[in-house]
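Below is one structure, written out as structure tokens; the observations come after it.
Read-outs throughout are calculated quantities, based only on the coordinates presented, and are distinct from any laboratory measurement. Since this is a predicted model, take the numbers as computed values, not measurements. Glycine also receives a Cβ, built like all others from the backbone with ideal geometry; neighbour counts cover every protein chain displayed.
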Amino acid sequence: MRGADITQEALFTTVHLESFVPKKHPLRAIRTLFNLALKRIDWLLDSAYCEYGRESIPPERLLRAQLLQVLYTIRSERQLMGQMNYNLLFRWFVGLSVDD
């Protein structure tokens, strides 16, 4: 079952990741374009997942993480996950909250 690509801040979180990303940062434009491209292939992603079962990690998040890996020349998935743990810009781009 395909997971939903929803970013939801925790109930008691006082900080939103959006506030840490500068308005003119190039990743803002890239994220907007990439989200539009993902909407165009939404039907393809839907067809790849079963209608029942346990919810998966949303494929949109996985694709955004892979794009970051290419853009920032991160050599491995292990290094990418290390970056996700402390880089707020990466967490925002992928769609994770501070607490995820």
*Cβ-based charge dipole, the range 28-82, positive-most Cα from 72, 36, 57*: 72
*Write down the radius of gyration of the chain and its Dmax, each obtained from C-alpha positions, in Å.*
14.2, 41
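In a shell of Cβ-Cβ distance under 12 Å around residue 62, excluding residue 62 itself, what net charge do Lys and Arg (+1) and Asp and Glu (-1) give? Each step should come with its number before you reach the end.
Values: positive: 2, 61, 64; negative: 5, 60, 77.
Cβ neighbours under 12 Å give a net charge of 0.
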